[in-house]
1. Taking G92, is it surrounded by fewer than 21 Cβ atoms within 10 Å (Cβ to Cβ), of a type in the set (G, A, S) and either closer than 19 Å to D4 by Cβ or more than 14 Å from the chain's Cα centre (by Cα) (or both)?
2. Checking L56 against (1) loosely packed, with under 15 Cβ neighbours inside 10 Å; (2) touching a residue at least 40 places away in the same chain (Cβ under 8 Å); (3) of a type in the set (A, V, I, L, M, F, W, C); (4) assigned to a helix (DSSP H, G or I), which single condition isn't satisfied?
3. For A63, are the conditions met, namely being in a helix (DSSP H, G or I), under 23 Å from F96 (Cβ atoms) and touching a Ser or Thr at 6+ places or on another chain (Cβ under 8 Å)?
4. Could you pull out the residue among G95, G49, G90, G108 that is of a type outside the set (D, E) and at positive phi?
5. Here's a check for you: in region 69-95, which residue that is touching a Gly at 6+ places or on another chain (Cβ under 8 Å) and part of a helix (DSSP H, G or I) is farthest from L43 (Cα to Cα)?
Amino acid sequence: MAQDVEELVAQYRDLLVQRSMESARPSVANKLFDRNHAIHKILRESDEGRRAISGLMDDDVDAVRLTAAVHTLQWDPVAAEHVLEDIEAGPGIVGFNAKWALRRYRAGKLNLDW
């Protein structure tokens with residue numbers, strides 16, 4: 001099982017990095033996002049998978065940190081909100097996305113079960 005989680009979290013991260021480089025091609029970026037979300041739904045089912053996603057909140061790539069933090073809101077909201085607030089203070093689209101993720105979460109409108 002540990003091997004499976006390692007492989008899945010590596011794919012999870014790689015898809016987010018690829019997606020961050022495909023922002024100019026929304027159809028490609030959206031497909032990468034959908035694949036990442038499917039992996040997230042598998043990983044969140046186990047403690048080991050949740051820990052692996054949470055660990056990515058310290059990643060060097062802000063796009064990875066952002067999505068990992070959004071997903072981590074489900075099981076560790078205090079830590080995830082802290083990371084999202086940190087990203088929100090930064091520049092660019094990632095900061096903007098963190099701001100809106102926090103707003104939707106705090107308003108009770110963030111749905112990660114699709």
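Just so it is clear, none of the values below were taken in a lab; they were calculated from the coordinates. In this text the structure is predicted, and so the values were computed from the model without any measurement. Here the Cβ is made from the backbone with ideal geometry for all residues, glycine too, and neighbour counts use every protein chain on show.
1. yes
2. (1)
3. So A63 passes the test.
4. G108
5. Among them, the one singled out is E88.
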